[in-house]
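All remarks here apply to the structure that follows.
The values are calculated or read from the model by the stated rules, or taken from the named source; none is laboratory data. Quick caveat, the model's predicted, so the values are computed rather than measured. Don't worry about glycine lacking a Cβ; one is built from the backbone with ideal geometry, like all the others, and counts go over all protein chains shown.
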Amino acid sequence: HVNDNGKDLQLNYVSPQFQRALDNLRISPEQREEIINEVIQTGTCQQIESLPESTKEIFVVSSDITAEEHVRMQAALQAFVDNSLSKTINFPSTAIPDDIAKAYLLAWELGCKGLTVYVTGSREQVVLETRGTAESRLAAKHEDVTQSEQDLQTEKGQQLPIWHDTKKPRPSFLKGYTYSVETPLGKAFVTVNENGGNQPFEVFVTSAKAGSETAAHSEAIGRLISYILRISSPIEPRKRLKAVMDQLAGIGGGRSLGFGPNRIRSLPDGIAKALDEYLYIRHWENEIPEEAKLIEYQPLPLEGLENLEAPQQRKIGELCPECGQATFVNEEGCKKCYSCGFSEC
C-alpha cells in the first residue's frame, strides 16, 4: 500500500529475481502469468506444483518459515551485536497466545534483547500483504458492518426507533450541567444541556478569551458534539456522547497538566474528562433511589486551613502561530511567544 495524496493505492510487486528465474525455466507466457498471479494471491511459491524444487528452495519467504526459525535466525545475529536487533517474527492468522508466549520465551533463552511479533491479518493496514489476506480482511470487515446494520435495524424482531426524523430544533429553555476542568490551555467550562429523558441535547465549551484561537477551537468542538447529538440516528444521544468522549480522550498536545489518572494531555482530553464526569454522575443519579437522595451532608471543618495560600495561576496566552504553544501573549503593545521567542514586531 502507498499513500498518494490521501488515496490508498495497492501496487502488485513481484521480485525481479523470481521473474528472472521463471524466464530461465523457459515456460510459456501463459504459464508464467499463472504462476505470478498465484504468488500474488498467496505470497509464496511453495504450493505451485509446476515449479521445480530447486526454485522453491531458493525463493523462501517469511510465511514459509516457522516462528521458531525466525527467532533462531535473529538469535544467530544477536550473538555478535551489542545493541538489540529489529526483526519481525511472522505468525500465521491461526496463531494463539501460547504460540506468541513460546516465541518470547525462546528469544529470552537464546539471548535476544528484543522481539517484534506480527500475526497475519491482525492490522487493518500494512505495507505489504498478499491479495488473499487483503480479500479475507475486507470480507470480514464487510460481514461485521452488515451485522452491525442488522443489529441497529432489529432487536428481537422489532424495528429500533429513530430518535429524530431530522435535526431536532432547539427549544427556548433547557436544563444543563456545567463542569470546569483545568487544561494545558487554561480552565475550560463544559456545559451539557438536556431535553427530557435524561438525554444530552447539546454541548457548549468555553475557554480562554473571546476572539482567541483557543476559544475558537473550543466552540468548534462544542458545535460538532451538539450536531452529533441532535441529528437523526437510531442510537440514543447518551451512547453517541459516550462515543465522542472515547474519541477525544487521550489526545496529546505539546504539554500536559497533572499526573497519573488525573493527567490532562490537551484541551480535547480535558473536554473528554468533563463529559466522562457528566455521564458517570447522571448514570448514578438515575440508579440511586429517591430516599437515598434525601440524606443531609455536613460540611467538613476548616480548622487549620485558614492560612493556606491559593495556588499561583499560570499565565495562558493564545496559540503561537510558529510553535503552537499557548504562550503567545500581548505585552508592551507587541505579541510574543514565551516558548519559541516568535514575535509579531
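Determine which member of the set Lys293, Lys273 is in a helix (DSSP H, G or I) and at pLDDT below 55.
Matching residue, one of Lys293, Lys273: Lys293.
Sort out which residues of the stretch 196-222 are crowded, with 19+ Cβ neighbours inside 10 Å and either of a type in the set (S, T, N, Q) or outside the structural domain of Gly258 (by TED's automatic domain parsing) (or both), and write them in order of number.
Residues satisfying the conditions are Ser207, Ser212, Thr214, Ser218.
Could you tell me which of the residues Phe59, Phe91, Phe80 is over 30 Å from Glu109 (Cβ atoms) and of a type outside the set (A, V, I, L, M)?
Among Phe59, Phe91, Phe80, only Phe59 is over 30 Å from Glu109 (Cβ atoms) and of a type outside the set (A, V, I, L, M).
For residues that are surrounded by 14 or more Cβ atoms within 10 Å (Cβ to Cβ) and under 17 Å from the mean Cα position of the chain (by Cα), tally how many sit in the stretch 242-263.
Number of matching residues: 7.
Ile48 fails exactly one of the following numbered conditions: (1) closer than 15 Å to Tyr118 by Cα; (2) out of contact with any strand residue (DSSP E or B) (no Cβ under 8 Å at 6 or more places or on another chain); (3) not in a helix (DSSP H, G or I). What is the number of that condition?
Only one criterion is unmet by Ile48, namely (1).
Yes or no: the stretch 264-272 includes at least one residue that is surrounded by fewer than 19 Cβ atoms within 10 Å (Cβ to Cβ), not assigned by TED's automatic domain parsing to the domain that holds Gln325 and not acidic (Asp, Glu).
For the stretch 264-272, residues surrounded by fewer than 19 Cβ atoms within 10 Å (Cβ to Cβ), not assigned by TED's automatic domain parsing to the domain that holds Gln325 and not acidic (Asp, Glu): absent.
Cβ-Cβ below 8 Å, separation at least six or inter-chain, first residue in the stretch 261-277 and free of Cβ contacts under 8 Å to residues at least 12 places away in the same chain, second buried (at least 17 other Cβ atoms within 10 Å of the Cβ): which pairs?
Matching pairs, first to second residue: Arg263/Leu257.
Step by step: first the residues of the stretch 208-229, then only those that are of a type in the set (D, E, K, R) and modelled with pLDDT under 90, then the one that is nearest to Phe328 (Cα to Cα). Which residue is that?
In this case the residue turns out to be Glu213.
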